[in-house]
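Notes follow once the structure below has been shown.
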Amino acid sequence: MNEILEAIFKRRAVKVFEPVEISENLRDQILNAARHAPSSFNSQPYRFYWIGTANKRTAVAQLCMGQVPAQTASALVVVVADIGSLAATSQSQLQWMRSRSEFSEAKIRDYERTAKIGRILFMPGPFGIFGAVKRGLFWLLNLWKVMGMPPTSRQDLFKWATKSTSLACENLMIAAEALGINTCPMEGFDGRRLSQYLGLSPRYHEIVMVIAMGKKSPGYVEPPQWRRPLDATVCVL
């Protein structure tokens, strides 16, 4: 079987880990795979907080309601949707394009124009006023033209960012599995207190999940895995 497919089919949410050290080399490979996930407009609207030191792991595990995967993990990764980094990310990409010979001035200007339009489309404005105007405008346009609806509120922006963040999470977990590290994605955590612990801003950041990482304990017995049949999940049109 293809090695990538093998990692996908072998990956399970491990509930009990044994204490092992995850080297910096392994850590960087896993996180590098995460940041290479696709994202809308290449905006990469996410941050990863790698919690590796024992005292910080203990603190974060408590904020994950003391779940066994969190308590026994060698590292915890707090994955955050970040809508405050969009402008800085587009500026960084623009600088990168200008430093390379592969991009013509026309291509650079085209990206710069697209980035500006994106910032306008994604801007909710003070008190959501601009978002309300956008919602009405795009609703009217959609009456006679096929088109998508951009985020029109801060909640929509977080929903949009969470989609790209989730793609990065899957990359992270598959890369970890391929490198011999097991994972357990967790949604059970005190989001308010964990955000405060990490110094996050509720205006720009939302925790999507916490991923426990380590080596499966030899004493942990995985239950049989069940998935719906392919024909119950897929519609081929």
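The values are calculated or read from the model by the stated rules, or taken from the named source; none is laboratory data. These numbers come from a predicted model, not from an experiment. Here Cβ is always computed from backbone atoms with ideal geometry, including for glycine, and neighbour counts include all displayed protein chains. Surface accessibility is based on the protein's heavy atoms, side chains included, excluding ligands, DNA and RNA. Shrake-Rupley method; radii C 1.70, N 1.55, O 1.52, S 1.80 Å.
How many percent of all Cα-Cα pairs in the stretch 37-188 sit more than 20 Å apart?
That fraction is 63 percent.
Estimated from helical segments only, the mean residue ellipticity of the chain at 222 nm is -15000 deg cm²/dmol, where each DSSP H run of four or more residues counts as -39500 (n - 2.57). For the peptides 146-156, 207-217, the ranking by packing is 207-217, 146-156, with the highest mean count of neighbouring Cβ atoms within 10 Å listed first. Split the accessible area of the chain by element, probe 1.4 Å, and carbon with sulfur accounts for 58%. Just to be sure I understand: with springs between alpha-carbon atoms less than 10 Å apart, which residue in 31, 140, 172 has the highest mean-square fluctuation in the Gaussian network model of the chain? Result for the chain, Cα springs under 10 Å: 140 fluctuates most. Ranked by solvent-accessible area (1.4 Å probe, protein heavy atoms only, all chains present), the residues 235, 169 order from largest to smallest as 235, 169. Between the Cα long axis of helix 86-98 and the first principal axis of the chain there is an angle of about 80°, rounded to the nearest 10.
Residues whose amide H lies under 5 Å from that of residue 103, counting only those 5 or more places away or on a different chain, are absent; hydrogens are built 1.01 Å from N in the peptide plane. Rolling a 1.4 angstrom probe over the protein heavy atoms with all chains in place gives the stretch 73-195 an accessible area of 56 Å² per residue. Each residue, residue 170 and residue 237, gets one label point 7 Å from its Cα in the Cβ direction; the gap between the two is 1.9 nm. The modelled label-to-label distance between residue 42 and residue 225, using points 7 Å beyond Cα along the C-beta direction, is 3.4 nm. Modelled spin labels at residue 55 and residue 29, positioned 7 Å past Cα toward Cβ, are 3.2 nm from each other.
Could you compute the net charge surrounding residue 97? Neighbours are other residues with a C-beta less than 15 Å from the C-beta of residue 97; K and R count +1, D and E count -1. Net charge around residue 97: +2.
Shown are 24, 170, whose ranking by accessible area with a 1.4 Å probe and every protein chain present, most to least, is 24, 170. Reported to the nearest whole Å, the Cα centre-to-centre distance from the stretch 141-190 to the stretch 54-132 is 12. The 3J(HN,Hα) values that the Karplus relation (6.51, -1.76, 1.60; θ = phi - 60°) gives for the stretch 169-183 are, in residue order, 4, 5, 4, 4, 6, 5, 4, 4, 4, 5, 9, x, 10, 8, 9 Hz. Gly and Pro appear as x.
The length gained by stretching the chain between residue 138 and residue 121 to full extension, at 0.36 nm per residue less their Cα-Cα distance, is 5.1 nm. Note on the chain: lysine pairs with Cα distance below 15 Å, sequence gap of 8 or more or different chains, count 5. Loop-located chymotrypsin sites (Phe, Trp or Tyr not before Pro) in the stretch 201-237 (DSSP state other than H, G, I, E, B) with a sparse environment of at most 12 neighbouring Cβ atoms within 10 Å: 226. Measuring with a 1.4 angstrom probe and ignoring ligands and nucleic acids, residue 109 comes out at about 130 Å² accessible.
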